[in-house]
Each structure stands twice: as structure tokens, then as C-alpha cells.
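Step one of this worksheet: look at the structure below.
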Amino acid sequence: MHTIYLLIQKEFRQVFRNRSLLPLIFVVPLVQLLILPLAATFETKGIRLQVLDADHSPQSRALTRHFAASPFFHLVDAPPDARAADDAMMRGLADATLTIPPHFEADLLRSDAAKIHLSFDAVNSTTAGLANTYSLAIINDFNRTATATASATAPRFWYNPQLDYPTYMVPAILVLLVTIIGLFLSSVNMVREKETGTIEQINVTPIRKYQFIIGKFVPFWIFALVDATLGLLLARYVYGVPIVGSLALIYLLLIVFLLAVLGVGLFFSAISSTQQQAMFMAWFFMMIFILLSGIFTPTESMPEWAQRFNLINPFAHGIRAIRMIMLKGAAFADVRQEFYALLIYGSLALTLAINRYKKMNS
Amino acid sequence: MMNVIETHELHKAFGSFTAVDRISFAVAQGEIFGFLGANGAGKTTAIRMLCGLLKPTSGAATVAGCNVFTQPEQIKRRIGYMSQRFSLYEDLTVAENMAFYGGIYGLRRREVRRRADELCRRLDFGHARHTLIRDIPPGWRQKLAFLTAIFHHPTIVFLDEPTGGVDPLTRRQFWTLIYEAAHEGITVFVTTHYMDEAEYCDRLSIMVDGRIVAIDPPETLKKRYHADSMNEVFLRVVNG
């Protein structure tokens, strides 16, 4: 016990004397949390819309006005004909075209049904999909005012009623930043002692392998939890993200999540002989696992194999659990599966790290 | 007198390369034992096996009464080690390094402080106790590394080229420290390329291509090889 205490004390002293590491641990994550949620937004505003109005009726102009009034659309010059409209889309001068055929008003008044045509530049499929959704809402709205029979559906969005992107992204980015800090610190630290040669001195002492690994593990665990706390404060007071669930449960999940992340980092450190090797492994691991985790895109729309892969992806569990607790107020029973998955993952990774760290070479 | 190191046909091969070729020797308690050999003769490999850092391929060896194959961790409680590479923590102070290593060997806090005081006084180093190692000149660092290696009063201390790149004055001071340690009963196992240092040893072994080809006190070796100095002895032995 005393040995572990000495190792942790040494590690803290070294970190606090390292003038390049300290800002990295505490400032970078905050900057990240202040910038990333704004960049990671899916919100699409100012979609450039051209209206090819062949009807020139009061109703067609009313529909156009509905689009113009929306913050999501921005009307650009109307094209003279269909060919010019296509050309503008091709050259990227417009993102969407609304074509109102002749007799639009007449059809609408006679049969309560009229056709219009919408096309989107779908090079960015996310933007196109969103533009489509916004358009439907506007057309719905128009229907209600223009006809008597409108039975519009008014969706209600639960848990995030304003469809606020920071609300969705901030918890995930919080998880991301503790991962970056935890993974890089742990993967680089132990191998640094190999490079400087101090590990040889450690290896010739009676320090047990598990003591050494725990001595590396605990300090970074604490640093990452401090970062998480700063992140939660920012989430609450800068982004106004509601923290519906229990804080204790959030920390409990973060603790097991970090067990997995740091375990993996220390494992990389144990099997590498240079900091570059360890960094590269950590980087590779992080890119793949984060992109597959569902941080930006719903996992449900990924192919079957990717969804199954996420069973062994600690980020997928971590992000899902933290989002569920923060936004839906999930109780322990709801995130039980994630908790145990991360606990098992972390214990395995840490055991592997202890196992692969060799005090005696062969 | 009791032997603190005994090896029998101790052997280490890396693939098809034989680094240490079935060496057998013994070191008695309290001896200053010089372990000589040209670069690449296998000295460091042998030391690393004796310290439990490297698994021997075959043979047998005991260090401080413990088997290197089956009890490497027990050996580590009883030895001190100073490697070729400087390995104190440069971002910790002198006192912190000593407290860290002392604590790891189970010394109590008061004991650590007492011993650090004593060593710093012996070195006339009290003023720099709270200086970071990285700010201390190289010669001093070597002396501190040595004192840290014997801080917990081991049975044996292994020194792998402890005076590499150190000026003659500091080397002499370093050897005074070695004598003091030996006087306290610590067996000293030292490798060096300085033949004037070899003269200070009680007994010497000379390794060539992984084998020990000579092992005796310096005087005996000089007589046998009809040489005036250890330098000549070394050259004759190594050149075959």
C-alpha cells in the first residue's frame, strides 16, 4: 500500500513540474469543449433555395413567402426556366429548387391537392435530408392556411424538446475529451520511463508489477475525473445542457469508463518501446472506435457488423450511458448493461497491461 | 567466508548469438569485485541476469542466497543496481529520489530522513538536497545515483560502468564512496573500462567473447602476465 502511495506521489510531482503537460491536461479539454459543440452541429441554416414558379398565382406566391419566412431557407434569384435552374444547382449557386407547376392554384382550389416538385443538392446527404424535413414542415404549415382539410402532424421531440444540438453533442464531447486526455497520458507515460531508462531502476526494485501499473493508473484517473468535472460545469453553465440524471451515477459510469480507457492506454504503453509507437496505437484505436461509437451518427443506421463491433467499443457504451443519464435521467437499471460492459472491459485491459509489463526480459 | 554470488555454467543466448558463455565464478561477501571485459564481451548481459532483469538461458546462479531462475523478486530486495544509463528521476529533487527509492525498499520515513541527512553530510551536499536532479552536474549525479543504489543498505550493489564520462577527481571521490560502502559490509560488483580503477578491486575477472578467461586479485594477474600494470594485463588477455 505504501509503495503505491509513493508511486502516485512521484507521478503527481512529475506532472505538476511538467510545464508542457499541465496546460495540456487542463486547458486543452476546456477549449475543446468550448469549440467542438459549435462545430459538430448538424443544424443547417440559410439553405439557398431557388423557386421556379410557373404558376404566378397568389397561392404560389404565398407558398414562396412561407419558405422565405423560414430561417432555414434563403431565397436566391429565381431562374427563368428549368434548364437555368438545373444549371444553378450544378454550379453550386443553389442548394435546393422548388418547382411550382402551372395550374398549381387551380388544382389546389378544385381538388384540395396540388403537386409541387422539390430537388436538393445531396452531395452532403445530411444537409439534404435536413432541408427535406424543413421543407415538409413548411409545406404542412402552408397546407393548414391554404386549405380547410389540413390535418397537420405536429411532432413533439422528447428529452430534447428544442432539438438543441449542444444538448445532444456536449455529453458526447465530454466523454471524448476525458478519453483523449486519459488515453494519451496513460499510453505515453509508462513508455517514457522506458525511453529515459528510469524503468530499469524500477525493475530492479521489489515493486510488484500491479503496484507499478496502479501507480500509473490512479493519477491519470484523477486528472481525467477533474477534467470531467470542469466539463460538466461548462455543459451546465455555458451550454445550459440539463443534467437530468443523478450526478453520482454520471461519475460512477465515468469511473468505469476511464478504467477501460486507461487500461487500454497502459496496455499500449506496456507493449511499445517508444512513445511514437504508443501514440500511434492510441491514435489509431481512438479514430476507429470514436467514429464507430455513434458520437456523430446514430449507430442504428450503421451496417450490422459495425453495430456488433460496438459491443466491444468502450466509447459506444460510454457515450450512450452518459447521454442517457444526462438527457433522459436514466437510472442505474437503465445503464446497467453499459456499466458491466465497461467494468469487464476495463478489468481485462488492466489485467493485460499488468501481464504485458515485464520486469524481467527473456 | 560466505559467497554472495555463485554461478555455475550460467549461459545466455539471443537466438544464435551467445552473449554469455557458461560462466562459473563466486564472489565473497564484502569483496570489491571488478568485472572487466571489452565492449560487447557480455558484462552487462551477465549483470542483468544476476539482477533478475534478464532470464538466463541455462545454468545456475544464486545471488544473496536466492536463485536467479525462481526467486528474482527476492533477489531484488537484497541488491542495489546502478545501470550504465543514468536513471534517477531528473524531475525530482535529490531528497525526493532518495525518499522514493528508500520507501520502496520499506524504509520508514524517519529512517529515510536520517539516512538522507547522513549521506548528504558525507558528500557535503546538504545545500543541494532540494535541487532537481536535472540541475545537478553529471559527476555529482553519478555519486548521487550510487548513494541512492545503496540507500537501503543492500547485500550487494551492482555498478555497471558507474564512472563513464566522469573526470579523474570525481572518479577518485567515487571510489572513496565505494570503499566506504565495502567497509559497511556491502559487496561491490563493478564493471569499468578504467584500469586504474581495476587496481582498486580485491579481485578481478576478465571476460572475452562471453567467457571468463581470467579471475584473480590484480597482483596475481600482473605476475602471471608479467605486466607492470592492469592496463597491460588487460591488453594481453583480450588480444589472446
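The values are calculated or read from the model by the stated rules, or taken from the named source; none is laboratory data. A quick note: this is a predicted structure, and the numbers were derived from the prediction, not measured. Neighbour counts run over all protein chains shown; Cβ positions are idealised from the backbone, glycine included. Keep in mind that these areas ignore ligands, DNA and RNA; they rest on the heavy atoms of the full protein, side chains included. Shrake-Rupley method; radii C 1.70, N 1.55, O 1.52, S 1.80 Å.
Would you confirm whether any residue within the stretch B:177-188 is more than 27 Å from B:R77 (Cβ to Cβ) and hydrophobic (A, V, I, L, M, F, W, C)? Looking through the stretch B:177-188, none of the residues is more than 27 Å from B:R77 (Cβ to Cβ) and hydrophobic (A, V, I, L, M, F, W, C). Out of all the residues in the stretch B:62-72, which are buried (at least 16 other Cβ atoms within 10 Å of the Cβ) and either at the interface with another protein chain (Cβ under 8 Å from one of its Cβ atoms) or small (G, A, S) (or both)? Matches in the stretch B:62-72: B:A64, B:P72.
Could you tell me how many of the residues in the stretch A:27-62 are of a type outside the set (A, V, I, L, M) and modelled with pLDDT of 85 or more? Can you show your working first?
Quick first cut of the stretch A:27-62, residues of a type outside the set (A, V, I, L, M) only: A:29, A:32, A:37, A:41-46, A:48, A:50, A:53, A:55-61.
From what is left, the residues that are modelled with pLDDT of 85 or more are A:48, A:50, A:53, A:55-61.
Residues flagged as of a type outside the set (A, V, I, L, M) and modelled with pLDDT of 85 or more within the stretch A:27-62 amount to 10.
The sole residue among B:G42, B:G59 that is crowded, with 21+ Cβ neighbours inside 10 Å and in contact (Cβ under 8 Å) with a residue 12 or more places away in the chain is B:G42.
Look through A:K328, A:K359 and report the one residue that is charged (D, E, K, R), out of contact with any Cys (no Cβ under 6 Å at 6 or more places or on another chain) and either open to solvent by 30 Å² or more (accessible area, probe 1.4 Å) or more than 14 Å from chain B (Cβ to nearest Cβ) (or both). Spell out how you get there, then give the answer.
Working: A:K359 fails: either open to solvent by 30 Å² or more (accessible area, probe 1.4 Å) or more than 14 Å from chain B (Cβ to nearest Cβ) (or both).
From the options A:K328, A:K359, the qualifying one is A:K328.
Yes/no matrix, rows are residues, columns are (1) among the hydroxyl-bearing types (S, T, Y); (2) open to solvent by 40 Å² or more (accessible area, probe 1.4 Å); (3) within 12 Å of chain B (Cβ to nearest Cβ); (4) not in a helix (DSSP H, G or I):
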position: A:Y5; (1), (2), (3), (4): yes, yes, yes, no
position: A:I8; (1), (2), (3), (4): no, no, yes, no
position: A:E11; (1), (2), (3), (4): no, no, yes, no
position: A:L22; (1), (2), (3), (4): no, yes, no, no
position: A:L33; (1), (2), (3), (4): no, no, no, no
position: A:L36; (1), (2), (3), (4): no, yes, no, no
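Of the helices (runs of 4 or more DSSP H) lying entirely inside the stretch A:182-300, those containing at least 2 residues that are open to solvent by 20 Å² or more (accessible area, probe 1.4 Å), over 19 Å from A:Y357 (Cα atoms) and in contact (Cβ under 8 Å) with a residue 24 or more places away in the chain are A:209-237, A:247-271, A:275-292. Among residues that are surrounded by 13 or more Cβ atoms within 10 Å (Cβ to Cβ) and assigned to a loop (DSSP other than H, G, I, E, B), A:D55 is included.
All of A:T64, A:T99 fail the test of being more than 14 Å from chain B (Cβ to nearest Cβ), touching an Asp or Glu at 6+ places or on another chain (Cβ under 7 Å), surrounded by 14 or more Cβ atoms within 10 Å (Cβ to Cβ) and over 30 Å from A:I213 (Cβ atoms), apart from A:T64.
With the stretch B:186-240 as the region, which strands (runs of 3 or more DSSP E) entirely inside it contain at least 1 residues that are open to solvent by 10 Å² or more (accessible area, probe 1.4 Å)?
Working: elements: B:187-191, B:203-208, B:211-216.
It comes to B:203-208, B:211-216.
The rows are residues; the columns are (1) under 23 Å from A:G197 (Cβ atoms); (2) among the aromatic types (F, W, Y); (3) more than 11 Å from chain A (Cβ to nearest Cβ).
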site: B:F14; (1), (2), (3): yes, yes, no
site: B:T18; (1), (2), (3): no, no, yes
site: B:S24; (1), (2), (3): no, no, yes
site: B:I32; (1), (2), (3): no, no, yes
site: B:N39; (1), (2), (3): yes, no, yes
site: B:G42; (1), (2), (3): yes, no, yes
site: B:T45; (1), (2), (3): yes, no, no
site: B:L53; (1), (2), (3): yes, no, no
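Determine whether B:A99 is among the small types (G, A, S) and more than 18 Å from the chain's Cα centre (by Cα). Taking the combined requirement at face value, the residue satisfies it. One residue stands out in the stretch A:88-113 among those that are in contact (Cβ under 8 Å) with a residue 12 or more places away in the chain and part of a loop (DSSP other than H, G, I, E, B): the one that is farthest from A:H56 (Cα to Cα), namely A:G92.
Of all the listed residues (A:G294, A:G329), the sole one being at positive phi and out of contact with any helix residue (DSSP H, G or I) (no Cβ under 8 Å at 6 or more places or on another chain) is A:G329. Scanning the stretch B:184-204 for residues that are within 21 Å of B:D21 (Cβ to Cβ) and in contact with a Phe, Trp or Tyr (Cβ under 6 Å, 6 or more places away or on another chain) turns up B:F189, B:T191, B:R203. In the stretch B:82-115, the qualifying residues are those that are in contact with a strand residue (DSSP E or B) (Cβ under 6 Å, 6 or more places away or on another chain) and among the polar types (S, T, N, Q), and the one that is nearest to B:E184 (Cα to Cα) is B:S83.
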